Each structure stands twice: as structure tokens, then as C-alpha cells.
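First up is the structure itself, then whatever we jot down about it.
The values are calculated or read from the model by the stated rules, or taken from the named source; none is laboratory data. What you see is a predicted model, and the numbers here were worked out from it, not measured in a lab. No Cβ is skipped: glycine too gets one built from the backbone with ideal geometry, and neighbour counts run over all protein chains shown.
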Amino acid sequence: MGVSGSGKSTVGKLVGGKMNLPFYDGDDFHSTENVAKMAAGIPLDDEDRAGWLVSLCDLIREKNARGITPIIACSALKASYRDKLRGAASDVFFVHLTGNRELIAQRIEQRSANTKHFMKGTMLDSQLAALDDPFSEAGTLALDITQSAEALSEIICQFITHIQPSEHRR
């Protein structure tokens, strides 16, 4: 979890690959209306995100019912969003990729130059304003994004291995 540009997808893909777990990008679960709104530089509100959160909860439940632990990259900016996602399964936890605004803005700018991502850099401040810092939430690991994606993925893999026995990771 974290704001756009924090490296959620990059790190999530690495973790999924290292642990042989399926990776899902939460952005792929947004409605076409949400994507159009973000592409126009309009921040999403709670109502916009409601269906998106339901889709992510459904994904978690469906995978867990099959004994599969999914790795999902999603912003989960508000505590209420994280609570909803935690309600989908008892073993949901969050890794908060966090960093200073300047570094994140730089990453968004670099990404925008290389891809056609719908999330615009102008929306970073609205995401930072909406972010309920999960520092005090149980089951949340906060990591500084000044570390490499490789180093972050190693820390996360160790965290997952420590909190979840291998027979539950398929």
C-alpha cells in the first residue's frame, strides 16, 4: 500500500515472483469510470472507491478459498479501506511503502515519461492528504522507499515467511 509512485507494483511483482505467489495490481480493478476520472486529474472519492474495494475483497476471498495467498498492490490510503480489505480474510496485512514527497513526485514524473499511466502527478498531493498513516495499525510493516525494490522485496519476503507458515502460502 501507499501513494502512487511509491513502488507498490514493482515491489509486489518481485515478492510474488520470489515466493511463487500470484501478483495483482489493484489499478486493474478500477472501473473504466474511475480510470477516466483519474486520467482527467480528478481524485477519486470514497464513493468512487467503493466498488473497487468490493472487487479487491472478492479477489482476496476467492483466492483464499482456493488456498492461495495473493499479493495485491493497492493504495489503501484510508484506514476504513484497509479495514474493509482486512474483513475479506483473517490474514490480510499491509506493507506501507513510504517516502518523502519529492522522491515520490520524481518517480511519478519518470514513470509518466516512460508509460501512459492514468495516475497523474498532479494528484499526488490529494493522495498524501487522504492518507491515514497506518503506523499504529497492527499487522502493518512500513518500509522506506529509499531502499531498492530488490531490498524491499527481500524484507517483505522475510516478513511473510515469519508471520505465515509455508503450508498457508500457495
Result of the Cβ filter at 7 Å on region 145-165, keeping first residues that are more than 15 Å from residue 71 (Cβ to Cβ) and partners that are of a type in the set (Ser, Thr, Tyr), at least 6 apart or interchain, is 145/6; 145/98
Give the residues of region 52-69 that are within 23 Å of residue 161 (Cβ to Cβ), modelled with pLDDT of 95 or more and β-branched (Val, Ile, Thr), sorted by residue number. 60
Do we have residue 137 as modelled with pLDDT under 95 and either aliphatic (A, V, I, L, M) or in a helix (DSSP H, G or I) (or both) here? no
Can you confirm whether region 70-77 contains a residue that is at pLDDT below 95 and surrounded by fewer than 20 Cβ atoms within 10 Å (Cβ to Cβ)? no
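Taking into account only those residues within region 73-114 that are in a loop (DSSP other than H, G, I, E, B) and in contact with a Cys (Cβ under 9 Å, 6 or more places away or on another chain), which is farthest from residue 50 (Cα to Cα)? Steps first, please.
In the first step, residues of region 73-114 are kept if they are in a loop (DSSP other than H, G, I, E, B); the result is 74-78, 87-93, 99-100.
Keeping just the survivors that are in contact with a Cys (Cβ under 9 Å, 6 or more places away or on another chain) gives 87-89.
Working: 87: 14, 88: 14, 89: 18 Å.
My answer is 89.
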Name the residues in region 5-29 that are within 21 Å of residue 142 (Cβ to Cβ) and assigned to a helix (DSSP H, G or I), would you? 8, 9, 10, 11, 12, 13, 14, 15, 16, 18, 19, 26
Within region 30-49, work out how many residues are in a helix (DSSP H, G or I) and either surrounded by fewer than 13 Cβ atoms within 10 Å (Cβ to Cβ) or in contact (Cβ under 8 Å) with a residue 40 or more places away in the chain (or both). 8
